[in-house]
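Note sheet for the following structure.
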Amino acid sequence: MAVGIIIIGDEILSGRRQDKHLPKFIELLTERGMQLAWAEYVGDDPARITATLQRTFASDDIVFVTGGIGATPDDHTRQCAAAALNVPLALTPEAEALIMARIAETSPDGRADMSLPDNRHRLKMGEFPVGARVLPNPYNKIPGFSVEHHHFMPGFPVMAWPMMAWVLDTHYADLHHLTQHAERSVLVFGLAESTLTPLMETIEAEYGGVKVFSLPSVGDAQRGEIYARRHIDLGVKGDPALVGAAFERLLAGVRALGGEIVHPVEAAALPEGTVPSAK
């Protein structure tokens, strides 16, 4: 059962707004010892949203969906979820009560006057696929909804992020810190990825449950003088019982190949302009 996220909205794809959900969701998962398996961005295209949801509903993945659950013409997510499930939309009584409570809170006389067209229209935000469960919104009471292991919430971070946390803590606490994970890495200078590849393959073969990763950089002076040089962020991750030994094997292999090693903590401590000695 993997965890994924679908972020919906033309404004993300056009660049009018920058997505903040993906890094925050990764942060929330990491805090709970969970990992994100995949992420997708989808524009406000009903056919594409429906096809995407049909595919993810057919899996056993836990899926978080942000955006498009309002009641304006460019909001299609509720309708697409119903179409993907081949069920109708219906006003959910619990959602109706929450929306009316919000209307009353924001009205001058403290009443939910449902004779007003605007207020009646707001009830559309409580129309969910038949069988859906209400997903509480602590910010303004206007709920999202959950169907199976899919959880739909607004695109506003101030609403979506606490809703994400609530879902993770309420429905998936048994998955928190289920898989133990460790990671160690160094900066490697003077070697190409092609030179390191056989070493990486050997370590993965010798240490089952450990993955070796390689993140090359052509240089990033904004991170500091040491990072301005071409380098590779090289490391191992996986089973904590194996990571230590695999990491030492990696270091020994890099030294044997003549690579220059700088540990991240040492790189951060270097005065600007300092060139570390090879290790």
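The values are calculated or read from the model by the stated rules, or taken from the named source; none is laboratory data. Every value quoted in this text rests on a predicted model; they were computed, and no experiment measured them. Cβ placement follows ideal geometry from the backbone for every residue including glycine, while neighbour counts extend to all protein chains displayed. Quick note on the areas: whole protein, heavy atoms, side chains included, nothing else; ligands and nucleic acids left out. Shrake-Rupley method; radii C 1.70, N 1.55, O 1.52, S 1.80 Å.
Looking at residue 87, is it in a strand (DSSP E or B) and modelled with pLDDT of 95 or more?
Details: in a strand (DSSP E or B): no; modelled with pLDDT of 95 or more: yes.
So residue 87 does not fit the description; no.
A count restricted to the range 120-148 and to residues that are open to solvent by less than 20 Å² (accessible area, probe 1.4 Å) and either of a type in the set (D, E, K, R) or not in a loop (DSSP other than H, G, I, E, B) (or both) stands at 8.
Under the condition of being charged (D, E, K, R) and in a loop (DSSP other than H, G, I, E, B), which residue from the range 41-73 is nearest to the chain's Cα centre (by Cα)? Once the filter is applied, the top-ranked residue is 61. Residues in the range 177-203 that are out of contact with any Ser or Thr (no Cβ under 8 Å at 6 or more places or on another chain) and either buried (at least 16 other Cβ atoms within 10 Å of the Cβ) or of a type in the set (Phe, Trp, Tyr) (or both): 182, 184, 185, 186, 187, 188, 189, 190, 191, 199, 203. The residues of the range 231-265 that are without any contact (Cβ under 8 Å) to a residue 40 or more places away in the chain, over 30 Å from the mean Cα position of the chain (by Cα) and more than 19 Å from residue 211 (Cα to Cα), listed by number, are 255, 256.
Return the only residue of 253, 209 being at pLDDT 95 or above and either touching a helix residue (DSSP H, G or I) at 6+ places or on another chain (Cβ under 6 Å) or open to solvent by less than 60 Å² (accessible area, probe 1.4 Å) (or both).
Values: 209 fails: at pLDDT 95 or above.
Only one candidate passes the filter, namely 253.
Restricting the first member to the range 190-211 and to residues that are among the charged types (D, E, K, R), and the second to residues that are surrounded by 12 or more Cβ atoms within 10 Å (Cβ to Cβ), the beta-carbon pairs closer than 6 Å and six or more apart or on different chains are 193/214; 193/216; 204/212; 211/237; 211/238.
Residues in the range 217-250 that are open to solvent by 10 Å² or more (accessible area, probe 1.4 Å), under 22 Å from residue 35 (Cβ atoms) and part of a helix (DSSP H, G or I): 240, 241, 242, 244. In the range 18-34, the residues that are in a helix (DSSP H, G or I) and of a type in the set (Phe, Trp, Tyr) form Cβ pairs under 9 Å with partners that are open to solvent by 30 Å² or more (accessible area, probe 1.4 Å) and modelled with pLDDT of 95 or more, at six or more places apart or across chains, as follows: 25/36; 25/39; 25/161. Looking at this structure, is residue 78 open to solvent by less than 70 Å² (accessible area, probe 1.4 Å) and closer than 21 Å to residue 161 by Cα? So residue 78 fits the description; yes.
State all residues of the range 24-33 that are open to solvent by less than 80 Å² (accessible area, probe 1.4 Å) and either in contact with a strand residue (DSSP E or B) (Cβ under 9 Å, 6 or more places away or on another chain) or not basic (Lys, Arg) (or both); if no residue qualifies, say none.
Residues of the range 24-33 open to solvent by less than 80 Å² (accessible area, probe 1.4 Å): 24-26, 28-29, 32-33.
Within the range 24-33, 25, 26, 28, 29, 33 qualify.
If only residues of the range 34-59 that are modelled with pLDDT of 95 or more and polar (S, T, N, Q) are counted, the one that is most open to solvent (accessible area, probe 1.4 Å) is 54.
Listed conditions (1) under 30 Å from residue 67 (Cα atoms); (2) hydroxyl-bearing (Ser, Thr, Tyr); (3) open to solvent by less than 50 Å² (accessible area, probe 1.4 Å) are all met by residue 214, apart from (1).
Residues in the range 90-99 that are part of a helix (DSSP H, G or I) and crowded, with 19+ Cβ neighbours inside 10 Å: 95, 98, 99. Can we say residue 158 is among the β-branched types (Val, Ile, Thr) and under 30 Å from residue 84 (Cα atoms)? Judged against the criteria, residue 158 is a match.
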